2 protein chains.
Amino acid sequence: MHFADVLPLQSGASIRAYDLSYETYGTLNADRSNAVLICHALNASHHVAGVYLDAQGGVVPKSEGWWDTMIGPGKPVDTNVFFVIGVNNLGSCFGSTGPMQRNPDSGEIYGADFPVVTVQDWVQAQARLLDALGITTLAAVMGGSLGGMQALSWTLQYPERVRHAVVVASAPNLTAENIAFNEVARRAIVTDPDFHGGHYGRHGVLPQRGLRIARMIGHITYLSDDVMNEKFGRQLREVAIGHASGYKFSTQDVEFQIESYLRYQGDKFSEYFDANTYLLITRALDYFDPAAEHGGKLTPALARARAKFLLVSFKTDWRFSPARSREIVKALLDNQRDVSYAEIDAPHGHDAFLLDDPRYMGVVRSYFESKVTPC
Amino acid sequence: MHFADVLPLQSGASIRAYDLSYETYGTLNADRSNAVLICHALNASHHVAGVYLDAQGGVVPKSEGWWDTMIGPGKPVDTNVFFVIGVNNLGSCFGSTGPMQRNPDSGEIYGADFPVVTVQDWVQAQARLLDALGITTLAAVMGGSLGGMQALSWTLQYPERVRHAVVVASAPNLTAENIAFNEVARRAIVTDPDFHGGHYGRHGVLPQRGLRIARMIGHITYLSDDVMNEKFGRQLREVAIGHASGYKFSTQDVEFQIESYLRYQGDKFSEYFDANTYLLITRALDYFDPAAEHGGKLTPALARARAKFLLVSFKTDWRFSPARSREIVKALLDNQRDVSYAEIDAPHGHDAFLLDDPRYMGVVRSYFESKVTPC
C-alpha cells in the first residue's frame, strides 16, 4: 500500500512518501472487530502465515510464513475467526520502503541516508495502514521479541485502538548486554571495507563479511546453552584420519559441528538481508524504552495502556529473560490492568517464541478462545 | 630461556627450537620444594606480579602483573614463602616463540604457519622449563580460565610433579556455546581482508578490524549481565541537544556508554595483540577435553591425578559457570581425591578471577597457608 502523506519520525526527520508491504489472512467481519495485527522482529517480514504458490499452483518449498505454527485455520490464532494482518516495517528489506529503495527526493538509493526509525514510528505507520483498511480497533496486537515491543507500544500510543496485546519473549527495554551484542554486530558490518559508509549499493558490493559475523553473534544469543549442547555439543564435523583425538588441528578449518552450523547461518543471512536494515532494526531495539520519559519508572509509563494483556516468556531465554517480562507484568498490575502471564519451561532459548511448543501454543490458543474471540 | 631440543606436539607436528619468556618472584628454597607455577589465560603473559622500573628506577605506569592482587610479598600466594614462576606460552605474542617470530627452518616469519599448540603442549613446554630450573616437584600449579585448564592438565600429564593444583573459574572442556563465541571471533579475524590467510606480516598490515570485533565479543562474555547494567546500564554517552529522548538517532555513532567502552577495549586490544595468537589460543581452549579419550567420562579421565585440589568458581560467571567447576570437583571426589571447593558470590562474571574480591583472596590465602606451605 502506498502512503502519500509525510510520516514525521521520532527523530525529527520524516519520510515523504512510502509503501508498506502487508498480507492478510482470514476475513474481516462485518463490524470490523476481529482484526489481529502481527508485528515482526529483526529479520522477519509481513509473510506471517501460509505458503506461496508457484505459477503451476504448487507450493513453493520453504515458503511457510515465519509464524505459520501459530497463525492459520484452526491454529492458536485461528484465521477462521480472526482477520490477521502481517506488515513489513519501514526500513526493512522485504518490500516496505527501506534503505535498498530510492529516495523520491534525490532519485538515489537511500542506503545509509534512510532515516533512523523507531518502534514508535513503526507503530504510527502500522496505524495508518489500519486506517486505510478501515479498521479502528484491533481485537489484538501481537508480537515476539522486537515484535512484542511494538505490541506494547501500540497500547501506549493508541490505547483506545487495542483490546488485547500479546507480548511474547520481550522486554521493556534492552539491557547493557543486549545493546553490547547489537553494537558488536553493527561494528562488524560498519567496519567491513565493503560497507562504504552504508552506500555499498553505489559501489556495486555488499558488506557480506560483516553481515555473516553479525548473524553468527545473533544466532548464539537466540539459542540456550543447553539446546546448543544437546544439538551440537562438542561433536566434530568430520574425524580426521591419523589423529586419535579426531582433531584436524587447524585454526581456520571447521572442526566442530557448531562452527559449521554458524557459518551456514551467517552465509545464508548475508545473501538475503540488507546491512543497513540490520543497523536500523538493531537501533530500534536499542532505543525502545517507554519508561525513559518517566524517569526510568515503568509503572507510570504503562499507565496509559487500556488493553488486556497476555505476556509469555521462556525460562531458557537469556536474551529477553522471564525477569524482563515480569517487569512488564508488575507494572501493568500496579496499574490494575488485566494481565495473564505464562512462563514456559522450553529449552530453546529466545528462539522458542518461533517454535511449536505445545504448552506455548496451548496458552495462546486458550487466551484467544476465551478472551479475544468476539462475542 | 632457549630450548634447543625439538618439542613434539599433540598434532604430530613439532617445534624445532624455541624460547620461553618467564619471570620469577621470591626465592627457591634449599630443597626446591616451594615452587608455584602460574599458567596464564588468553591475553596474559609471564608478567604475573610486580611492576617494571624505568631506567631512572621509577615505576612504569600500569605495569602491574596481571595477577598482582594475588601474588606478591604478604599476598594470598606469598612470595616471602613461595618461589613463583610466570611463563608465557608458546604461540603467544609476549616473548615466547610464536607466530610473530621467524621460523628457524625457513627464516620467514611464522604467521599462519606456526603449528597449532594445545594445553598439553604448553604443559610439556612448561615442564621442560622447570627441568631447566632444577625443579622436580611443584608445591602448586595455579591458573584461572584457560590457565586453570593447564593446571588441571599438569595433574594428569605429570601427576608425580604436582602437590597442589589451584583451578579457578575453569571447566573440563568448552561447551558448544563457548566454542561458538570463539568461532565468531576467529571468523571476524580470518575474514578481515588484511588477514591475508594469516601472513599479514608479509603484507605490512594488521587485521585490526577483526581483532577489534573479536575482543568486543570476548569482553561481553567476560562480564555478567548484572555488572554491565550496574556499570553502564542504558546510560548515554552524551545527550544530544534538541531531542527530548537524548538520542542522536544514528546507527553508526556511539549512543550508549557500553558502546564506547567496548569500542575502546577493541581498539586497545587490536594495537597490542597478535591475530594469529588469538586464533591459536582460542583453538587451544576449544580442543582441551581430557574426558574425550575416556568416552566423555571425566571420572576415569581424572583418575591419574595425584595432587590435592582447590577449585574456585564465581556465581555470575556464565562463560565458565560454577556447574562446570562442580563437574571437576565431582570427578575428583569419585576418585577419592582431596578437594577444596569455593563458589564465590561475586557479581563480576568471568572477570572476577582477575579481581580483588576479599572472599576469593581469603579462600586462596587460607588454602596456601594451611595446605601448600612447606613444613
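The values are calculated or read from the model by the stated rules, or taken from the named source; none is laboratory data. The model shown is predicted, which means the values in this text are computed figures rather than measured ones. Because the Cβ atoms are built from the backbone with ideal geometry, glycine has one as well, and the counts that use them run over all protein chains shown. Side chains are part of the model used for accessible areas, which takes the heavy atoms of the whole protein and leaves out ligands, DNA and RNA. Shrake-Rupley method; radii C 1.70, N 1.55, O 1.52, S 1.80 Å.
Report D for the stretch A:50-101 in µm² per second (integer): Stokes-Einstein, Kirkwood Rh on Cα pairs, 37 °C, 0.692 mPa s.
Value of D from the Cα-based Kirkwood radius: 253 µm²/s.
Using only protein heavy atoms and a 1.4 Å probe, report how much of residue A:75 is accessible, in Å² to the nearest 10.
60
Using the Karplus equation 6.51 cos²θ - 1.76 cosθ + 1.60 (θ = phi - 60°), what ³J(HN,Hα) coupling, rounded to whole Hz, does each residue of the stretch B:286-298 give in order, writing x for Gly and Pro?
4, 6, 4, 5, x, 6, 4, 7, 10, x, x, 9, 7
Pop out the Kirkwood hydrodynamic radius of the stretch A:11-156 from its pairwise C-alpha distances, inverse of mean 1/r, in Å to one decimal.
16.1
Considering only the other residues whose Cβ falls under 12 Å of the Cβ of residue A:318, what net charge follows from Lys and Arg at +1 and Asp and Glu at -1?
Summing Lys/Arg as +1 and Asp/Glu as -1 gives -4.
Would you mind computing the Rg to Rh ratio of the stretch A:67-127 from its alpha-carbon coordinates, Kirkwood style for Rh?
Radius of gyration over Kirkwood radius for the stretch A:67-127 works out to 1.15.
If all Cα-Cα distances of the stretch B:113-266 are sorted into 5 Å bins from 0 onward, what percent lands in each bin, rounded to whole numbers?
Histogramming the stretch B:113-266 at 5 Å steps yields 2, 8, 11, 13, 13, 13, 12, 11, 8, 4, 3, 2, 1, 0, 0 percent.
Relative contact order for the stretch A:126-176: what percent, with Cα pairs under 8 Å and sequence separation of 6 or more?
39
Please list, ordered by chain and number, the residues whose modelled amide H lies under 5 Å from the amide H of residue B:109; skip anything fewer than 5 residues away on the same chain.
B:103
Counting only residues 5 or more places away or on other chains, whose amide H sits under 5 Å from the amide H of residue B:340 once H atoms are built in the peptide plane?
When sequence neighbours closer than 5 places are left aside, the close amide H contacts are B:309, B:310, B:311.
Where does chain B land on Rg(C-alpha)/(2.2 N^0.38 Å)?
Rg over 2.2 N^0.38 Å, computed on Cα atoms: 1.01.
Using only the heavy atoms of the protein chains and a 1.4 Å probe, how would A:248, A:231 rank by accessible area, largest first?
Heavy-atom accessible area, descending, gives A:231, A:248.
Mind ranking A:47, B:348 by accessible surface for me, highest first, 1.4 Å probe?
Ranked list, largest accessible area first: B:348, A:47.
Work out the length of the dipole vector of chain B about its Cα centre, built from +1 on the beta-carbon of each Lys and Arg and -1 on the beta-carbon of each Asp and Glu, and round it to the nearest 20 debye.
480
If the chain between residue B:229 and residue B:80 were fully stretched, how many nm would it gain, using 0.36 nm times the residue separation less the Cα-Cα distance?
Using 0.36 nm per residue and subtracting the Cα-Cα distance, I get 49.7 nm.
As a test of the formula, what do you get for chain A when each DSSP H run with n ≥ 4 contributes -39,500 (n - 2.57) and the sum is divided by the residue count, at 222 nm and rounded to the nearest 500 deg cm²/dmol?
Rounded to the nearest 500, it is -10000 deg cm²/dmol.
Let me check against my output: what whole-number percent is the relative contact order of the stretch B:1-113, with C-alpha pairs under 8 Å and at least 6 apart?
27
Using the alpha carbon gyration tensor of the stretch A:205-306, what are the three equivalent-ellipsoid semi-axes (square root of 5 times each eigenvalue), largest first, in whole Å?
Whole-Å semi-axes of the equivalent ellipsoid: 40, 19, 9.
Provide an ascending nm list, one decimal, of label-point separations from residue A:4 to the equivalent residue in each further copy; define each label point as 7 Å from Cα along Cα→Cβ.
Ordered by increasing distance: 9.1 nm.
I want the local charge near residue A:3. Using Cβ-Cβ distances under 15 Å, sum +1 for each Lys or Arg and -1 for each Asp or Glu among the other residues.
Local charge sum for residue A:3: -2.
By how many degrees, between 0 and 90 and to the nearest 10, does the Cα long axis of helix A:146-157 differ from the longest principal axis of chain A?
On a 0 to 90 degree scale, this one is about 20.
Helix B:358-367 against the longest principal axis of chain B: what's the angle in degrees, Cα atoms only, rounded to the nearest 10?
The angle comes out at about 20 degrees.
Give the A-B buried accessible area in Å², both sides summed, 1.4 Å probe, nearest 100.
So the buried area, both faces added, is about 5000 Å².
Can you list the copy-to-copy distances for residue B:107, using a point 7 angstrom from Cα toward Cβ, in nanometres, shortest first?
Here residue B:107 shows inter-copy label distances of 6.1 nm.
So what is the relative contact order for chain A, in percent, with contacts set as C-alpha pairs under 8 Å and at least six apart?
18
Show me, for the stretch B:209-225, the HN-Hα J-couplings you get by feeding each phi into the Karplus relation (A = 6.51, B = -1.76, C = 1.60, θ = phi - 60°), rounded to Hz, glycine and proline as x.
Each residue's phi maps through the Karplus curve to give 4, x, 4, 4, 4, 4, 5, 4, 4, x, 4, 4, 7, 7, 9, 8, 4 Hz.
Quick check on the stretch B:14-86: what are the equivalent-ellipsoid semi-axes from the Cα gyration tensor, as sqrt(5λ), descending, whole Å?
Working from the Cα gyration tensor, I get semi-axes of 20, 19, 13 Å.
Taking K and R as +1 and D and E as -1, what net charge do the other residues with C-beta under 11 Å from the C-beta of residue A:268 add up to?
+1
Would you mind listing the distances between the residue B:356 label point and the same position in each other copy? Use 7 Å along Cα-to-C-beta, nm, one decimal, shortest first.
For residue B:356, the inter-copy label distances come out at 5.8 nm.
May I ask which residue of B:81, B:92, B:24 lies farthest towards the positive end of the charge dipole of the stretch B:1-126, with charges of +1 (Lys, Arg) and -1 (Asp, Glu) on Cβ and the Cα centre as origin?
Final value for the positive-end residue is B:81.
Over the heavy atoms of residue B:297, what accessible area does a 1.4 Å probe trace out, to the nearest 10 Å²?
Answer for residue B:297: close to 130 Å² accessible.
Starting from the Kirkwood Rh over alpha-carbon pairs, what translational D in µm² s⁻¹ does the protein assembly as shown have by Stokes-Einstein at 37 °C and 0.692 mPa s?
Using the Kirkwood radius from Cα pairs, D works out to 117 µm²/s.
To the nearest 10 Å², what's residue B:356's accessible area with a 1.4 Å probe?
100
Apply the Karplus parameterisation 6.51 cos²θ - 1.76 cosθ + 1.60, with θ equal to phi minus 60°, to every residue of the stretch B:123-136 and state each ³J(HN,Hα) to the nearest whole Hz, in sequence, with x for glycine and proline.
5, 4, 5, 5, 5, 5, 5, 4, 3, 5, 7, x, 9, 7
Based on the Cα gyration tensor of the stretch A:90-177, what are the three equivalent ellipsoid semi-axes, each the root of five times an eigenvalue, rounded to whole Å and given largest first?
26, 18, 10
Using just the alpha carbons, could you tell me how many Å³ per residue the convex hull of the stretch A:222-363 encloses?
166
Treating cross-link reach as a plain straight distance, find the lysines whose alpha-carbon is under 17 Å from the alpha-carbon of residue B:308, omitting any fewer than eight places away in the same chain.
B:330, B:371
For residue B:141, which sequence-distant residues (separation of 5 or more, or a different chain) have an amide H within less than 5 Å of its own amide H, given hydrogens modelled in the peptide plane?
B:37, B:164, B:165, B:166
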